Amino acid sequence: MRKTVWCVASDARLHWREWDGEVVLFHENSGNIHHLNLFAATAIRQLLEAPADSETLTERTASKLDLPVDDEARDGIEQLLTRLKTLGIARVAPS
Amino acid sequence: MNGGCDSILRALADPGLLLSMDLSDWDLFIRQARRANLLSRFAVMLRDQGRLQSVPARVRVHLESECALADQQKRVVEWEIGCIRQALDAIDVPLVLLKGAAYVAAALPAAHGRRFSDVDILVPRARLAEVEQALFLHGWFSEKQDAYDQKYYRKWMHEIPPLRHNQRRTVIDVHHAIVPRTMRLHPDPDKLMTSTRAVDEDERLRVLSPADMVLHSAAHLFLDGEYSNALRDLVDMDQLVRYFACQEEFWDVLLERSIELELDGPLYYTIHYLRKLLGTPVPGQLVERLDGRPAGGLPRRWLMPLFDRAVIAHHPSCSDHLAGIARWMLYVRGHYLRMPLYLLVPHLLRKSLRAPSGEA
Amino acid sequence: MNVSDLDDADLARRLRQGCLFLETGPFISRIQTSIESVQAGIALLYAGFPVHDNAPFADFHVALTRPAGLRRWFRPQVNFLFDGWTPFKPLPLEQAFAMFEWGMNWCVVNHAHKYLVLHAAVVEKGGRALIMPAPPGAGKSTLCAALVASGWRLLSDELAIISPDSGQLLPLPRPVGLKNASIDVIRTRYPDIAIGQEALDTAKGTVAHMKPPGDSVASQQLMAMPGWVLFPRYREGSALALEPFSRAATLSRLVGNAFNFTVLGRPAFECLSRLVDDSGCYSLEYSSLDEALERLDKLEVSAS
Amino acid sequence: MANDMDKNTELMGDKHSPQPARRKFLIKSAAASVPVILTVTSRPAMGGNFCTPSGFLSGNLSDHGDDHDRSCNGLSPGYWKHSFPKQFEDVRFSRVFGGVWVDGRGVPWEPDTTLKQVLHFRGNEDRYRFGAHAVAAYLNAEHRIRLHYPMEVDTVIDIVRQVLTVGMYTDPSTGLSMDAMEVKEFFEGTYH
């Protein structure tokens with residue numbers, strides 16, 4: 001998982017709503033709705049800005065929320081990427 | 001020909017007629033078209049021609065509802081195709097789409113406002129087990145838990161039991177041939193595979209050739225013995241041939257190919273009903289050559305009266321008292337073509353004992 | 001002309017011949033049945049609803065018939081037909097009126113995709129609608145019936161029908177479904193409100209329907225703007241607690257309760273997001289109906 | 001299925017996690033670097049009658065669907081945690097799967113950790129909650145007939161055992177391989 005570079009699917013049509021630190025993301029392609037906490041929402045927004053491998057995404061997300069870059073964050077991002085792949089929101093970036 | 005069904009057939013032939021209908025005409029038309037799964041096709045057509053506003057308000061509500069459904073179904077099929085690709089790309093098997101899903105992927109007019117039930121795909125028979133396992137690992141599970149159904153599908157049918165995605169509840173039919181293996185006619189699936197066309201850049205998403213697309217739909221309609229969507233299938237084929245007819249040698253290739261795949265019988269009935277019900281323009285030369293072909297299987301003069309009733313019997317107002325019998329006889333024929341007689345009777349008995357419709 | 005203007009014989013004749021055109025909210029339904037319990041239920045509970053003479057176009061053609069054959073005498077049954085097609089398995093004859101109500105809901109949920117339809121109760125006061133999305137068994141129908149019986153206008157007890165472009169809620173004030181204990185609760189609190197014949201041992205236990213108030217039916221064409229989204233939860237012995245509820249969770253739950261969210265897609269998302277922006281979102285835990293009614297009467301339009 | 005959306009999995013818990021209050025903590029826990037996604041999945045049955053009746057709307061109207069085809073109704077860790085079957089009460093995780101999993105920092109569990117204990121582990125005691133989902137999949141397979149679960153017991157054990165020993169499950173017939181997180185995602189896909 002280390003070196004794989006991830007990106008948001010190029011054709012993904014995402015619509016955001018945010019209230020008091022909670023985010024709702026509507027993924028129009030699949031019709032799914034996701035209720036996210038700030039950590040998950042920030043990570044997806046970071047990935048939208050630029051493809052990244054899991055370690056880089058952990059650093060960018062943690063720094064955005066001024067959280068430590070620790071094992072908990074790394075595990076969190078790795079699991080998030082796996083889930084986003086299953087949901088069809090994220091893909092392994094074409095090399 | 002029973003008069004009740006005219007409103008749909010006439011509207012298919014000349015959509016302009018819709019605008020001259022009054023409220024009571026619409027009352028019958030909406031119900032007939034809905035039952036034939038064609039209402040969304042008319043709704044999308046009127047929307048695209050900018051004519052929805054000239055339809056009475058109370059009727060327009062139903063047409064707008066059907067447009068929303070049609071747009072949704074196109075999104076859903078596109079999303080499903082993407083999900084199936086993810087599973088098949090992982091094992092390096094190209095995805096060959098059939099019927100409705102193919103029309104969407106190839107952006108054909110036949111997809112416009114079409115209603116879908118499942119996504120049909122064609123895979124090489126040799127890799128069937130791998131495909132089923134790859135789909136399993138991506139969340140598709142076989143619905144038919146009943147051992148008899150599993151055996152029946154795998155032994156006698158041209159597809160494995162339907163697979164349902166456990167989270168999205170959508171269904172795939174995985175075919176390894178376009179006509180049941182044991183059918184007395186043997187169109188060779190490899191011929192179909194080699195002539196598929198890519199619809200995307202990396203050539204992994206494919207559809208059948210134009211002629212094969214029409215012949216597959218014709219085989220499904222006139223061999224399988226299932227007529228609840230007959231008119232929708234005929235409209236599909238009408239849209240396909242009108243679109244492909246602009247290709248130089250389309251009609252000749254279609255006839256040659258039908259003979260090569262032993263599907264000239266179903267093609268004969270398809271051309272007959274396209275011309276009779278939908279007024280589809282077909283070159284006279286093709287009609288004559290098809291008429292001249294020997295009628296393999298049951299004589300045409302036996303089957304024609306059955307098809308006449310079965311094809312349009314989608315609504316009480318269009319079917320006479322013989323329609324039910326006609327459809328049943330064609331259902332039996334569908335199975336007769338597929339299974340040896342000694343298996344046919346027990347199979348039909350089993351099916352009728354478990355008939356799904358609301359028996360007591 | 002309303003149902004109440006027809007004498008029983010005329011109503012029964014129209015139903016038998018399949019030419020009763022009943023207007024409920026935005027829909028006209030052509031209804032055919034010879035089953036007395038359904039005729040009686042319509043006469044009692046649909047009194048205030050308009051009836052049309054031979055409307056040229058009906059949105060839904062429904063019928064309730066008794067299947068032929070053995071089933072006419074032995075454990076008799078009833079079938080719901082939608083334009084001659086039976087979408088459901090038959091039910092025991094005693095549940096005929098309940099099947100009529102369930103079937104009418106099914107017609108709307110499957111064929112009205114011009115609107116976004118949520119499974120929720122909707123009542124209105126002071127021009128603003130209170131929407132109560134409904135996980136089963138949350139006591140929603142009792143609270144809804146009590147609110148309506150104590151002065152709120154009934155839009156619907158089961159179907160919130162929202163126009164995606166205007167965001168307004170369309171009334172469909174058909175009879176309010178009551179289950180098991182709530183039948184007696186409502187009957188004792190409001191003895192003068194008509195309640196239809198009880199249908200025993202349906203999958204949801206005993207079911208009966210409360211007649212909608214006359215003025216709710218009279219104003220069934222008057223739409224309402226959303227005011228509040230409320231998640232009620234009846235809990236034996238709990239103290240009354242009206243708490244603000246996360247707007248993000250409210251939107252997620254509204255989508256979870258929508259019948260045709262994915263059919264409409266993005267317009268549905270925009271419509272529900274606006275609704276959440278413009279409404280006060282609360283959860284309400286209660287054990288006393290009086291306390292709940294009193295507290296809800298004091299809801300002000302949130303100055304969001 | 002009465003509507004076309006269904007609330008199901010969340011990344012750091014599962015559908016049946018107890019009171020909304022706990023979920024509120026999870027969602028609000030912006031401070032903790034724990035991603036939470038509560039997904040409402042679109043279930044757009046295609047075909048005509050897309051809204052098949054279900055309990056709450058249409059009483060007990062059931063459609064003509066062929067009774068034999070029940071969908072797979074696997075149950076989640078949260079369900080099994082609250083209704084743990086007696087006969088597996090003190091069965092050890094390692095006896096079933098031939099090994100143990102690890103906690104949040106990769107430290108192996110005690111050898112006698114039971115299936116039931118695993119279901120009560122929190123995020124940092126069961127990395128990726130892989131253990132909890134392995135237990136749920138195993139219990140689903142043990143009740144395979146009643147639940148129409150699509151996997152046999154030994155299939156589940158084989159998948160989990162490979163992850164425990166080599167960190168990866170490789171499917172023989174397709175050559176596809178899945179790491180612990182992907183296997184967890186797969187198991188989650190089998191819950192109703």
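The values are calculated or read from the model by the stated rules, or taken from the named source; none is laboratory data. Remember, it's a predicted structure, so these values are computed and weren't measured experimentally. All Cβ positions, glycine included, derive from the backbone under ideal geometry; neighbour counts span all protein chains shown.
With respect to the stated conditions, C:HIS113 is assigned to a loop (DSSP other than H, G, I, E, B) and within 14 Å of chain D (Cβ to nearest Cβ). Would you confirm whether or not the range C:22-39 contains a residue that is in contact with a Cys (Cβ under 8 Å, 6 or more places away or on another chain), among the small types (Gly, Ala, Ser) and not assigned by TED's automatic domain parsing to the domain that holds C:ASN260? Scanning the range C:22-39 turns up at least one residue that is in contact with a Cys (Cβ under 8 Å, 6 or more places away or on another chain), among the small types (Gly, Ala, Ser) and not assigned by TED's automatic domain parsing to the domain that holds C:ASN260.
The set of residues from the range B:108-146 being without any contact (Cβ under 8 Å) to a residue 24 or more places away in the chain and within 23 Å of the chain's Cα centre (by Cα) comprises B:SER142, B:LYS144. Of a type outside the set (D, E, K, R), in a strand (DSSP E or B), surrounded by 19 or more Cβ atoms within 10 Å (Cβ to Cβ) and away from chain D (no Cβ under 13 Å): is that true of C:CYS271 in this structure? No: the conditions fail for C:CYS271. When residues in the range A:20-56 are screened for being within 21 Å of D:SER33 (Cα to Cα), within 11 Å of chain D (Cβ to nearest Cβ) and without any contact (Cβ under 8 Å) to a residue 40 or more places away in the chain, 14 of them pass.
Any residue that is outside any loop (DSSP other than H, G, I, E, B), basic (Lys, Arg) and over 10 Å from the mean Cα position of the chain (by Cα) - is there at least one of those in the range B:241-264?
Within the range B:241-264, the first condition is being outside any loop (DSSP other than H, G, I, E, B), and the residues that meet it are B:241-244, B:250-260, B:264.
From what's left, basic (Lys, Arg): B:242, B:257.
If we keep only those that are over 10 Å from the mean Cα position of the chain (by Cα) as well, we get B:242, B:257.
Yes, the range B:241-264 contains at least one residue that is outside any loop (DSSP other than H, G, I, E, B), basic (Lys, Arg) and over 10 Å from the mean Cα position of the chain (by Cα).
When the range C:126-158 is filtered for residues that are within 24 Å of C:LEU264 (Cβ to Cβ) and either charged (D, E, K, R) or surrounded by 21 or more Cβ atoms within 10 Å (Cβ to Cβ) (or both), the ones remaining, listed by number, are C:ARG128, C:ALA129, C:LEU130, C:ILE131, C:MET132, C:PRO133, C:ALA134, C:LYS140, C:LEU155, C:SER156, C:ASP157, C:GLU158.
Does C:GLY18 qualify as being farther than 21 Å from B:ARG58 by Cα, small (Gly, Ala, Ser), touching a Lys or Arg at 6+ places or on another chain (Cβ under 9 Å) and more than 10 Å from chain B (Cβ to nearest Cβ)? No.
None of D:GLY104, D:GLY131 is away from chain B (no Cβ under 13 Å), closer than 27 Å to A:THR4 by Cα, touching a helix residue (DSSP H, G or I) at 6+ places or on another chain (Cβ under 8 Å) and not in a helix (DSSP H, G or I) except D:GLY104. Is it the case, given these coordinates, that A:ARG91 is under 26 Å from B:ASP89 (Cα atoms), more than 11 Å from chain D (Cβ to nearest Cβ) and under 14 Å from the mean Cα position of the chain (by Cα)? So A:ARG91 fits the description; yes.
Of all residues in the range C:167-195, those satisfying the criterion of being crowded, with 17+ Cβ neighbours inside 10 Å and within 14 Å of chain D (Cβ to nearest Cβ) are C:LEU172, C:ARG174, C:PRO175, C:GLY177, C:LEU178, C:LYS179.
Take A:ALA9 and decide whether it is out of contact with any Asp or Glu (no Cβ under 8 Å at 6 or more places or on another chain), within 11 Å of another protein chain (Cβ to nearest Cβ), over 26 Å from D:ASP103 (Cα atoms) and in contact (Cβ under 8 Å) with a residue 40 or more places away in the chain. The answer is yes for A:ALA9. Kindly check whether there is at least one residue in the range D:128-146 that is surrounded by fewer than 22 Cβ atoms within 10 Å (Cβ to Cβ), farther than 20 Å from D:ASP90 by Cα, in contact (Cβ under 8 Å) with a residue 12 or more places away in the chain and not aromatic (Phe, Trp, Tyr). No; the residues of the range D:128-146 include none that is surrounded by fewer than 22 Cβ atoms within 10 Å (Cβ to Cβ), farther than 20 Å from D:ASP90 by Cα, in contact (Cβ under 8 Å) with a residue 12 or more places away in the chain and not aromatic (Phe, Trp, Tyr). Taken over the range D:126-148, residues that are over 10 Å from the mean Cα position of the chain (by Cα) and closer than 19 Å to D:ASP171 by Cα amount to 1.
Among the residues of the range C:117-125, not a single one is surrounded by fewer than 22 Cβ atoms within 10 Å (Cβ to Cβ), under 18 Å from D:MET5 (Cα atoms), within 12 Å of another protein chain (Cβ to nearest Cβ) and within 18 Å of the chain's Cα centre (by Cα). All of (1) within 26 Å of C:LEU170 (Cα to Cα); (2) in contact with an Asp or Glu (Cβ under 7 Å, 6 or more places away or on another chain) hold for C:VAL62 with one exception: (2). Of all residues in the range B:251-265, exactly one satisfies the criterion of being without any contact (Cβ under 8 Å) to a residue 60 or more places away in the chain, in contact with a Leu (Cβ under 6 Å, 6 or more places away or on another chain) and buried (at least 22 other Cβ atoms within 10 Å of the Cβ), namely B:SER258. Remark: D:PRO111 falls outside the filter, which requires a residue to be within 14 Å of chain B (Cβ to nearest Cβ) and over 22 Å from B:ARG164 (Cα atoms).
Here is a yes/no grid of residues against (1) among the small types (Gly, Ala, Ser); (2) buried (at least 18 other Cβ atoms within 10 Å of the Cβ):
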{"residue": "B:ASP202", "(1), (2)": "no, no"}
{"residue": "B:ASP224", "(1), (2)": "no, yes"}
{"residue": "B:LEU234", "(1), (2)": "no, yes"}
{"residue": "B:GLY284", "(1), (2)": "yes, no"}
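Any residue at all in the range C:165-173 that is in contact (Cβ under 8 Å) with a residue 12 or more places away in the chain, closer than 25 Å to C:PHE245 by Cα, in contact with a Gly (Cβ under 8 Å, 6 or more places away or on another chain) and of a type outside the set (Phe, Trp, Tyr)? Yes, the range C:165-173 contains a residue that is in contact (Cβ under 8 Å) with a residue 12 or more places away in the chain, closer than 25 Å to C:PHE245 by Cα, in contact with a Gly (Cβ under 8 Å, 6 or more places away or on another chain) and of a type outside the set (Phe, Trp, Tyr). Residues in the range C:80-96 that are within 11 Å of chain D (Cβ to nearest Cβ) and closer than 20 Å to C:HIS209 by Cβ: 5 in all. If only residues of the range B:3-47 that are among the β-branched types (Val, Ile, Thr) and more than 24 Å from C:ASP53 (Cα to Cα) are counted, the one that is surrounded by the fewest Cβ atoms within 10 Å (Cβ to Cβ) is B:VAL44. Screening B:VAL55, B:VAL61 for residues that are more than 10 Å from every other protein chain (Cβ to nearest Cβ), of a type in the set (Val, Ile, Thr) and more than 24 Å from the chain's Cα centre (by Cα) leaves exactly one candidate, B:VAL55.
Candidates are the residues of the range D:170-184 that are facing chain B (nearest Cβ under 10 Å) and crowded, with 21+ Cβ neighbours inside 10 Å; the one that is farthest from D:LEU139 (Cα to Cα) is D:THR174. Screening C:ARG75 against (1) of a type outside the set (A, V, I, L, M); (2) on the phi > 0 side of the Ramachandran plot; (3) more than 14 Å from chain B (Cβ to nearest Cβ) leaves a single unmet condition, (3). Residue check: A:GLN79 meets all listed conditions (1) of a type outside the set (Gly, Ala, Ser); (2) more than 8 Å from chain D (Cβ to nearest Cβ); (3) closer than 30 Å to B:ILE84 by Cβ but one, namely (2).
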